[in-house]
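Take a look at the structure below.
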Amino acid sequence: MSPEARVGVYYCPCEDDPLFTSGAAWLGRDPFLGAPVTQPDLRGIEEVTAEPRGYGFHATLKPPMRLASGGSWASFVSAADRLAGQIAPFELPTLAVTNLHGFLALRETSACAPLQAFADVCVEELDRFRAPPPEAELARRRRARLTEAQDTMLTRWGYPYVFGEWLFHMTLTRRLSVEEHAVWRPAAERFFVEATAVKRLVADICLFTQTGPGAPFVIAKRLTLSG
């Protein structure tokens with residue numbers, strides 16, 4: 001990986017899961033193929049999904065990071081694979097479209113302790129590979145008026161929304177106005193109703209990579225949970 005490249009550790013349903021195909025269609029991009037996908041025939045959907053489109057359909061476990069100097073992609077993948085070998089697959093609760101701080105996102109409908117533990121261990125165990133974020137990035141994060149706990153997380157882990165500040169979510173739109181929510185939330189609920197109605201296993205760790213600033217994230221590796 002180049003010094004500008006980033007890797008994110010994500011949950012993403014498998015390519016043959018209806019949730020994957022629905023998410024790729026909603027956002028307009030398949031992160032496995034790195035190719036455009038025809039979106040639903042809804043006026044304005046290309047614009048309201050432009051922001052999450054570049055990241056690909058996913059839920060963040062360990063936020064995107066540059067690899068530390070001296071680290072290598074091969075050693076990172078090897079460590080992530082060892083970690084996956086220590087975690088047993090677990091059931092993901094059914095999902096629902098929710099309003100998350102103004103964004104539409106899919107979130108779990110019931111508490112799931114293994115899901116939180118999954119995110120926590122990914123953050124902690126893979127952090128030795130993370131290059132410190134530049135000061136400009138830290139300053140940008142702090143403009144969001146972080147709480148004391150979030151600022152502590154930012155300083156220690158390079159991102160404010162980890163551990164107790166983390167929420168499972170699969171982002172579907174940019175931040176919407178109240179009027180826009182009245183349009184887009186029902187549309188998203190209708191579109192995802194079948195894909196979200198079933199429980200599914202979380203059975204792998206998904207590594208998404210970005211070649212440089214502004215480039216789309218794509219799926220580089222799936223590492224099977226086998227603990």
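The values are calculated or read from the model by the stated rules, or taken from the named source; none is laboratory data. Because the structure is a prediction, the values reported are computed rather than measured. Because the Cβ atoms are built from the backbone with ideal geometry, glycine has one as well, and the counts that use them run over all protein chains shown.
Couple of notes before you dig in:
- In the set SER22, SER110, only one residue is in contact (Cβ under 8 Å) with a residue 60 or more places away in the chain, farther than 30 Å from PRO132 by Cα and small (Gly, Ala, Ser); that residue is SER22.
- Of all residues making up the range 103-130, the number that are touching a Ser or Thr at 6+ places or on another chain (Cβ under 9 Å) and exposed (fewer than 15 other Cβ atoms within 10 Å of the Cβ): 2
- Checklist (1) out of contact with any Asp or Glu (no Cβ under 7 Å at 6 or more places or on another chain); (2) within 15 Å of PHE192 (Cβ to Cβ); (3) not hydroxyl-bearing (Ser, Thr, Tyr) applied to GLY44, failing item: (2)
- Taking the range 77-102 as the range and being closer than 28 Å to VAL183 by Cα, β-branched (Val, Ile, Thr) and buried (at least 16 other Cβ atoms within 10 Å of the Cβ) as the test, the residues that pass are VAL97, THR98.
- Considering the range 166-180, and only residues there that are over 17 Å from the mean Cα position of the chain (by Cα) and buried (at least 16 other Cβ atoms within 10 Å of the Cβ), the residue that is farthest from LEU42 (Cα to Cα) turns out to be LEU176.
Residue-by-condition table, conditions (1) acidic (Asp, Glu); (2) touching a strand residue (DSSP E or B) at 6+ places or on another chain (Cβ under 9 Å); (3) at negative phi; (4) surrounded by 15 or more Cβ atoms within 10 Å (Cβ to Cβ):
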site: MET153; (1), (2), (3), (4): no, no, yes, yes
site: TYR161; (1), (2), (3), (4): no, yes, yes, yes
site: GLY164; (1), (2), (3), (4): no, no, yes, no
site: ARG190; (1), (2), (3), (4): no, no, yes, no
site: ALA195; (1), (2), (3), (4): no, yes, yes, yes
site: VAL198; (1), (2), (3), (4): no, no, yes, no
site: GLN210; (1), (2), (3), (4): no, yes, yes, yes
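- Residue that is in contact with a Leu (Cβ under 8 Å, 6 or more places away or on another chain) and not aliphatic (A, V, I, L, M), where the choices are ARG200, ARG145: ARG200
- The one condition from (1) at pLDDT 95 or above; (2) on the phi > 0 side of the Ramachandran plot; (3) loosely packed, with under 14 Cβ neighbours inside 10 Å that GLY214 does not meet is (1).
- Restricting the range 64-83 to residues that are of a type in the set (A, V, I, L, M, F, W, C) and without any contact (Cβ under 8 Å) to a residue 60 or more places away in the chain leaves a set whose member that is nearest to ILE219 (Cα to Cα) is ALA74.
- Residue in the range 26-38 that is more than 23 Å from GLY212 (Cβ to Cβ) and outside any loop (DSSP other than H, G, I, E, B) present: yes
- Test result for THR171, within 22 Å of SER22 (Cα to Cα) and polar (S, T, N, Q): yes
- Filtering the range 39-76 to residues that are in a helix (DSSP H, G or I) and either acidic (Asp, Glu) or surrounded by fewer than 12 Cβ atoms within 10 Å (Cβ to Cβ) (or both) leaves GLU46, GLU47, GLU51, ALA74.
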